[in-house]
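J.: Quick one: this structure, given as C-alpha cells, is what I'll be asking you about.
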Amino acid sequence: MRILTLSYALAALQMSTAHTVFTTLFINEVNQSPGTCVRMPMTPNNATFPINDLKSDDMACGYGGTAGVARVCAIPQAAKLDFLFVEYADNSQPGAIDTSHKGPCAVYMKRVDSAIQDKAIRDGWFKIWEDTYDAGTLQWCTEKLIKNNGMLSVQVPENLAGGYYLIRPELLALHQAGKNPPNPQFYVGCAQIFLNSTATSVPKDTVKIPGYVGPTDPAVLFNIYTPKWPYPTLGPALYEDGSNRIEVKPVDKQSEGLLPYNIVAINANWWALELESYSTSDGCKNATKVCSDLTSQCYNSAPPTGSKGCRIWEAKCTGVRDACNAGNFNGPPQKNKILTPGLPGPYLLTAGAVRHEHKLARAARLASVVQHTDGAGAMFGIAVTTARPSTAPVMTVTNLPGKMLTFEDSIVTDGQGRKDGQRVTDGQIVTSIDKVREYDGRNFAELGSVIMLVIPGRLILKRCITPSHLSRTTWYDWRFPAATPTSSKATLAQRLQPYLERCGRASSFSLSSRNTFTNTYEYCIISYGSFKYR
C-alpha cells in the first residue's frame, strides 16, 4: 500500500509541473474529440513534459509517438485545422502553457503510406506554417496561443496530393535556452489524417525528424531575456503552396482508421459494437465476459485525455451482469442504445427503421462528424455494403434560397412510409430526422438516387445507389469549407465539383444567384434523385 501511495504521490508531483500537450484536433472547426486520431504520450505523469533531447525519436511525434493509433481522421482539400494545447491532458484545470514558456510555433506534415503504421521518424517532413516573434505586438507565438485558449490554427496547402499524412504541431519554449547548460523545450504531437484531395503534388524538399534542428542551432539557443534580433530561422524553409513540388499519384479512398457502422460507444481511438443477442444462461455469461474484456481494452487504450467513454461502457456491462444474476437471460439490455453522447449517425440507425432520431439530430447540429468503414449497416431501411455504382449518372443540382439541394424529378413514395403514396415534389426538403420516416428510402433506391446529411457549409454523408442493385451503396464523408459571402458562382462550383464527382462522376450542376449555402436549417436530410443514366 505504501508503494502504491508513493507512486501516486510521484505522479501527482510530476503533474503539478505540467507544461503542455496537444490533445485535440479540429477539422474546419469541428471537434474530433480529445485524443481521437492523435499520437500522444500514454502515461499521464509525463504527457505534458517537454522533449529536451533533439536527437531523440521523440522529436517526431512526442513520447511514444512512433506508435500509431487506431483512428485516422479524414480532412477535405485546403482544410482549416486547429490543434488544442492544454496544460493538463485531461483538461481538469484550465490553461494552455505557462506564460514563462515563450517561443515560436510551427506545423509540419509528412506524406505516408499508412498513417497508422508509419513510425514518423526520418525523412519526409515539410513545414507548412510557422510563427515566431511578432515585432508589432511584441509577442511570441506561444503568447498568442495562450490568448487563443490553446488553439493553434493552420490551413492545409491546397495543392497537396490526396492520401495519408501525419501532421505535427510544434511549440518551442525558450525560457531556459540561454542557461548553462541550455535547455530548449520542444512540445510536439501528431495527428493521423487522410487528405481527400484531387491534387497530385507534394513538396520536393523534405527534412528528417529528428535531424532538422540541432542542439547548437542559434534558433534553439536564443536568449529571450537579452535578445539579438532578428530571431534565427528554426528548421527548414516554409513550403509555399504550389512551389518546388513533384508529381505523385493521389490516394483517392481511405481504407484504414475508419469506424464500423454499428458502434454504440467511443473513447478516443477505441470503440465498441453492440453485444450479440442472447437468450440462455450461457449466452448471458459469455456476453458478460465479452463486455468485461472490452472494458479492459478501453481503459488500457485510454490516452491521458481521459476514459469517460470507458466508464459509460462499463456501466452497460454492469447492467448486463446484474440482469444475468437476476435470472434475466434475454439481452443485452437496451440493445442498440447509443451510449456515447453525440455519437454521429449512421450508427444510430438499424435495418428497417430509423431510431434514436434526437441523438442523430443533435450530432448533425453539432457537426460531430466521424468517418465510416465500408461494412454492413443500414440507413433508412437500405443495407449498406461496399459496392460502388457501376453506372455513371448525369446530375443537375440546383442551389436555391432556403434549400441545399433539390430533386431533379418528382417521385412518389411506394407505401412504406407514413405518407403512403404521396408525391415528393421538386425541391422537397426533409427538415428533421423524424420526417425521414414519411418518405421511403427504398423508393429512392429504385430510382437511383442520393441521400445525404447536410449542415450549412458541409456535406457530411452521401450515398450513391444504383437502381439495378437496390442494396449496394457506398458512403463518403466530405467536409469542405463553406463559401464566403463574396465567393462567386464559379468559386462555389469549383469547390463543390470534386465532391459530386466522388459519387458517380457528376458531369454538371447549376447554381442560382445565391452564392452561399443557406443557414435556414441547422441541419437537414436532403434527398434528391432520379438520375438520368447514360
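Throughout, read-outs are computed from the coordinates displayed, never taken from laboratory work. In this text the structure is predicted, and so the values were computed from the model without any measurement. Cβ: placed from backbone, ideal geometry, glycine included. Neighbour counts: every protein chain shown.
J.: Determine the sum of side-chain charges near Ala177: Lys and Arg each +1, Asp and Glu each -1, restricted to other residues whose C-beta is under 12 angstrom from that of Ala177.
T.: +1
J.: What are the ³J(HN,Hα) values, in whole Hz, obtained from phi via the Karplus relation 6.51 cos²θ - 1.76 cosθ + 1.60 with θ = phi - 60°, for each residue of the range 26-41 in sequence order, with x given for Gly and Pro?
T.: 10, 10, 6, 6, 9, 6, 7, 5, x, x, 5, 6, 10, 7, 8, x
J.: What per residue convex hull volume, in Å³, comes out for the range 139-234 when only alpha-carbon positions are used? Show your work: numbers first, answer last.
T.: Details: hull volume 12.9 nm³, N = 96.
In the range 139-234, the Cα hull volume divided by residue count equals 134 Å³.
J.: In what sequence, highest mean first, do 67-79, 173-185 appear when ranked by Cβ atoms within 10 angstrom?
T.: Sorting 67-79, 173-185 by mean packing, highest first, produces 67-79, 173-185.
J.: Just list whichever of Lys208/Lys249; Lys179/Lys208; Lys119/Lys337; Lys119/Lys249; Lys110/Lys337 have alpha carbons separated by over 31 Å in the model shown.
T.: Exceeds cut-off: Lys119/Lys337; Lys110/Lys337.
J.: Now, a different point. Semi-axes of the equivalent ellipsoid for the range 17-247, please: Cα gyration tensor eigenvalues, times 5, square-rooted, ordered largest first, whole Å.
T.: On the way: eigenvalues 133, 83, 57 Å².
The answer is 26, 20, 17 Å, longest axis first.
J.: For a label point 7 Å from the Cα of Lys208 along Cα→C-beta, name the residues of the range 42-56 whose backbone N is under 15 Å from it.
T.: Only 54-56 pass the distance filter.
J.: On alpha-carbon atoms, Rg over Rh for the range 259-340 using Kirkwood Rh?
T.: My calculation of the ratio gives 0.98.
J.: Which far-off residues, 5 or more places away or on another chain, put their amide H under 5 Å from the one on Asn262, with H placed in the peptide plane?
T.: When sequence neighbours closer than 5 places are left aside, there are no close amide H contacts.
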